[in-house]
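The values are calculated or read from the model by the stated rules, or taken from the named source; none is laboratory data. The shown structure was predicted, so the numbers you read here are calculated from the model rather than taken from an experiment. Here the Cβ is made from the backbone with ideal geometry for all residues, glycine too, and neighbour counts use every protein chain on show.
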There are 2 protein chains.
Amino acid sequence: MGSLEEAIKQKEFKDPYNKLVVNLLYTHSYLVSAQNGVLKPFDLSPEQYNVLRILRGQNGVPITVSSIQDRMLNRMSNASRLVDKLKAKMLVERSECSNDRRQVDIMITEKGLQILDDLQVHMEGFNNQVINLTKEEVDTMNELLDKLRG
Amino acid sequence: MGSLEEAIKQKEFKDPYNKLVVNLLYTHSYLVSAQNGVLKPFDLSPEQYNVLRILRGQNGVPITVSSIQDRMLNRMSNASRLVDKLKAKMLVERSECSNDRRQVDIMITEKGLQILDDLQVHMEGFNNQVINLTKEEVDTMNELLDKLRG
DNA sequence: CACCTATACGTGTATATACATTTAATATCA
DNA sequence: TGATATTAAATGTATATACACGTATAGGTG
């Protein structure tokens with residue numbers, strides 16, 4: 001696998017900033033492909049999995065569709081339709097909000113919690129296997145990513 | 001913008017590896033959104049832009065569809081259809097390969113080179129603006145990303 | 001040569017992304 | 001109060017992603 005240059009057969013980059021953009025895009029694809037491998041047997045897409053984790057983090061407190069959208073990793077994706085898909089699989093419930101009838105409260109179901117539970121052991125192994133870095137390097141990278149967007 | 005925890009309103013992560021996966025996904029979305037802002041006026045998607053740069057890097061030597069696929073940042077995406085879209089915009093040409101009639105040779109057109117040229121100044125500014133890191137930090141990150149996938 | 005396999009490209013389908021628009025409900029304020 | 005603006009969610013449309021499958025060509029072996 002090795003260097004980015006080798007992986008995408010590009011000899012050089014104009015500058016390190018340009019290379020970093022390409023490197024992040026490529027690494028993203030690498031990660032998502034690996035994640036898909038874990039999620040596929042559970043019939044979940046990465047963003048559906050993300051929404052389920054957001055809902056689990058609510059510990060039983062309902063959350064509106066727009067709040068889910070705010071917390072999604074990809075802000076431009078469509079929480080409304082994702083929730084629809086999850087509801088069709090009986091992984092979430094919807095209930096109209098009484099104090100504001102525009103809003104819809106979403107809760108994870110028992111079945112939704114169960115599927116996250118079943119996934120957990122696979123995901124833990126996945127994270128350590130797919131990221132070939134020491135704990136210190138992971139911390140450094142987390143700091144740099146936070147600063148990058150600053 | 002600040003920390004990831006703040007951005008996606010998640011209090012904590014199970015471990016730094018888990019946080020790094022989420023951080024990379026979130027940063028990817030941040031980057032692609034910014035990139036889209038630059039590309040939109042030129043009516044190009046990020047992956048179309050990437051394919052055009054691959055073709056420019058060929059310096060006039062034709063390249064087959066499957067070779068483009070190999071060099072794409074997202075391996076699972078569909079080079080055949082992307083090339084179709086670019087051809088419809090007259091940015092690339094296709095010609096049947098004479099020695100292997102299964103293959104199709106792709107070349108970037110003058111119009112394709114021109115659009116990359118027009119984009120260049122916007123993209124240079126974009127890279128430095130969107131990545132709030134010093135050159136040293138960018139180098140560190142490039143090394144860590146290469147090692148991550150090792 | 002006949003047969004089998006591998007490769008290159010294209011197509012089909014479900015889902016996701018990106019963004020504009022619509023509809024209903026709520027908030028604001030003259 | 002009534003007109004206007006804002007917000008929440010859903011919907012529409014084009015493109016992209018992920019993956020299975022089909023078709024034609026090429027290569028290899030008996």
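At-a-glance table
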read-out: Residue that is nearest to the other protein chains (Cβ to nearest Cβ), among those in the stretch A:55-72 that are over 16 Å from residue A:103 (Cα atoms) and within 13 Å of DNA strand D (Cβ to nearest atom); value: A:71
read-out: Residue, farthest from the other protein chains (Cβ to nearest Cβ), within the stretch B:90-117, restricted to residues that are within 9 Å of DNA strand D (Cβ to nearest atom) and in contact (Cβ under 8 Å) with a residue 12 or more places away in the chain; value: B:97
read-out: Residue that is modelled with the lowest pLDDT, among those in the stretch A:123-150 that are more than 7 Å from chain B (Cβ to nearest Cβ) and exposed (fewer than 14 other Cβ atoms within 10 Å of the Cβ); value: A:125
read-out: Conditions (1) at pLDDT below 90; (2) within 30 Å of residue A:129 (Cα to Cα); (3) more than 12 Å from the chain's Cα centre (by Cα); (4) assigned to a helix (DSSP H, G or I); number of the one not met by residue B:37; value: (2)
read-out: Any chance residue B:71 is among the charged types (D, E, K, R) and either buried (at least 17 other Cβ atoms within 10 Å of the Cβ) or under 18 Å from residue A:149 (Cβ atoms) (or both); value: yes
read-out: Scan of the stretch A:66-102 for residues that are β-branched (Val, Ile, Thr) and under 14 Å from the mean Cα position of the chain (by Cα), ordered by number; value: A:68
read-out: Matching residues in the stretch A:59-72 - criterion: being farther than 11 Å from residue B:9 by Cα and not small (Gly, Ala, Ser); value: A:59, A:61, A:62, A:63, A:64, A:65, A:69
read-out: Pairs where the first residue, in the stretch B:11-29, is closer than 13 Å to residue A:135 by Cβ and the second is assigned to a loop (DSSP other than H, G, I, E, B), C-beta under 7 Å, 6+ apart; value: B:17/A:131; B:19/B:13; B:20/A:131
read-out: Number of positions in the stretch B:96-105 that are surrounded by 11 or more Cβ atoms within 10 Å (Cβ to Cβ) and assigned to a strand (DSSP E or B); value: 2
read-out: Every residue from the stretch A:74-87 that is near DNA strand C (Cβ under 8 Å from one of its atoms) and either buried (at least 17 other Cβ atoms within 10 Å of the Cβ) or not in a loop (DSSP other than H, G, I, E, B) (or both); value: A:74, A:81, A:82, A:85
read-out: Count - residues of the stretch A:1-52 that are facing another protein chain (nearest Cβ under 9 Å), surrounded by 19 or more Cβ atoms within 10 Å (Cβ to Cβ) and more than 18 Å from residue B:73 (Cα to Cα); value: 1
read-out: Count - residues of the stretch A:40-65 that are under 14 Å from the mean Cα position of the chain (by Cα) and assigned to a loop (DSSP other than H, G, I, E, B); value: 3
